[in-house]
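What follows is a short report on a single structure.
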Amino acid sequence: MVIERAPLEDELGDVLDKAIQGCGLTESVVASRTGISAERLRSIIDYCEQPTDLELRDLAVALGLRLAGLKAVASEAYPLPEISGLPFCLYPLRMPHGIGVTNAYLVANCSADWGILFDTGTNAEGLWRSWPQKIQRVAAVFLTHYETEHCGGLEALRQRFPESPVFGPAGTERLDGVVSLSDGAVVNEGGFAIETRSTPGHAAAHHCYRVTVPNAPQGRELLISGDLLFAGSIGGAFHCCQRLHESLRALVVGADDSTVVAPGHGPLTTMGNERAHNPFLGSGDLAG
Ligand SMILES: [Fe+2]
């Protein structure tokens, strides 16, 4: 199946904002380290002025970002891979949210009329508008975190599919009736194995899910990355920056390059693509 490409979630200003926050810096400190005035830095972050190549280089050094990836984002030429080779069908459910787009995902055997749902999107309207007609049943729902843009469609989903179990992270934000999964927990459903990865940082309670088909003769893995890893960027560290970077490192180190990454915002990518290009994965053992 051909999957339509979504625009990148983050542009240069978002990447710089997240990097400044992630380094525990302020714009005035970055300005003094780079020799770029604070006013010009703010103008660059706000897309009012374009950075020069030299300024991008200085910003990459000051913020520990990969220069080539930063340049690719700045020039709107961030590379994205073709997505193929999964041993099942993947249906991205894209829903408008603010000025961007939120993704939920259905995973299904291509000949089946049922699927497994990851996140429920913004609301009922968005969920049903993007829902594939052939999927008539949901075997299970897995939530990455409890922000409205990712679980706002849950009540509508429950009304249509009241039998579907709903899994998610433990935590104070947990919704009623959601079965908590801990790190490493595996749920087997209809030939799929869904392994839980606890990845706090964006939110205190945040999961990624590794999806495999143990009996498939070959094929790539799928990683539902929620709001931790995006094509060309990472999620905002609304809970804890250090924990977000620890979660990111644990997720990336050891993951196969061929793994298809399905983020909560923006386009699909692969682990190899992000290792090679993502501005935030340019150091040490994270780099390609
Ligand atoms: Fe989000």
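The values are calculated or read from the model by the stated rules, or taken from the named source; none is laboratory data. Note that the structure is predicted; figures quoted are calculated from it, not measured. As a convention, Cβ positions derive from the backbone with ideal geometry for all residues, glycine included, and neighbour counts pool all protein chains shown.
Hand me the list of helices (runs of 4 or more DSSP H) wholly inside the range 91-183 holding 2 or more residues that are under 16 Å from GLY226 (Cα atoms).
Answer list for the range 91-183: 148-151.
Please pick out the residue among GLY177, GLY191, GLY226, GLY232 that is surrounded by fewer than 15 Cβ atoms within 10 Å (Cβ to Cβ) and either free of Cβ contacts under 8 Å to residues at least 40 places away in the same chain or in contact with a helix residue (DSSP H, G or I) (Cβ under 9 Å, 6 or more places away or on another chain) (or both). Lay out the reasoning, then the answer.
Working: GLY191 fails: either free of Cβ contacts under 8 Å to residues at least 40 places away in the same chain or in contact with a helix residue (DSSP H, G or I) (Cβ under 9 Å, 6 or more places away or on another chain) (or both); GLY226 fails: surrounded by fewer than 15 Cβ atoms within 10 Å (Cβ to Cβ); GLY232 fails: surrounded by fewer than 15 Cβ atoms within 10 Å (Cβ to Cβ).
That would be GLY177, the only listed residue that is surrounded by fewer than 15 Cβ atoms within 10 Å (Cβ to Cβ) and either free of Cβ contacts under 8 Å to residues at least 40 places away in the same chain or in contact with a helix residue (DSSP H, G or I) (Cβ under 9 Å, 6 or more places away or on another chain) (or both).
Of everything in the range 184-205, what is within 16 Å of the ligand (Cβ to nearest atom) and out of contact with any strand residue (DSSP E or B) (no Cβ under 6 Å at 6 or more places or on another chain)? Give them in sequence order.
Residues satisfying the conditions are PRO200, GLY201, HIS202, ALA203, ALA204.
Which condition number in (1) touching a Ser or Thr at 6+ places or on another chain (Cβ under 9 Å); (2) within 16 Å of the ligand (Cβ to nearest atom) is the one that MET271 fails?
The one condition MET271 does not meet is (2).
Condition first: at positive phi and either assigned to a helix (DSSP H, G or I) or touching a Cys at 6+ places or on another chain (Cβ under 9 Å) (or both). Can you find one or more residues in the range 59-72 that meet it?
yes
Residues of the range 20-43 being surrounded by fewer than 14 Cβ atoms within 10 Å (Cβ to Cβ), more than 25 Å from PHE238 (Cβ to Cβ) and of a type in the set (Ser, Thr, Tyr), which ones?
SER32, SER37 - these are the residues of the range 20-43 that are surrounded by fewer than 14 Cβ atoms within 10 Å (Cβ to Cβ), more than 25 Å from PHE238 (Cβ to Cβ) and of a type in the set (Ser, Thr, Tyr).
What is the residue count in the range 239-254 for residues that are more than 17 Å from ALA204 (Cα to Cα) and either of a type in the set (Ser, Thr, Tyr) or under 15 Å from the mean Cα position of the chain (by Cα) (or both)?
1
Could you tell me whether any residue of the range 12-28 is in contact with a helix residue (DSSP H, G or I) (Cβ under 7 Å, 6 or more places away or on another chain), in the same structural domain as ASN215 (by TED's automatic domain parsing) and not in a helix (DSSP H, G or I)?
The answer is no; no qualifying residue exists.
Kindly indicate the residue of the range 215-238 that is within 10 Å of the ligand (Cβ to nearest atom) and farther than 21 Å from ILE116 by Cα and also farthest from the chain's Cα centre (by Cα) among those meeting that condition.
Top of the filtered list is PHE238.
Is it true that some residue in the range 5-27 is closer than 30 Å to PHE88 by Cα, hydrophobic (A, V, I, L, M, F, W, C) and touching a Lys or Arg at 6+ places or on another chain (Cβ under 7 Å)?
yes
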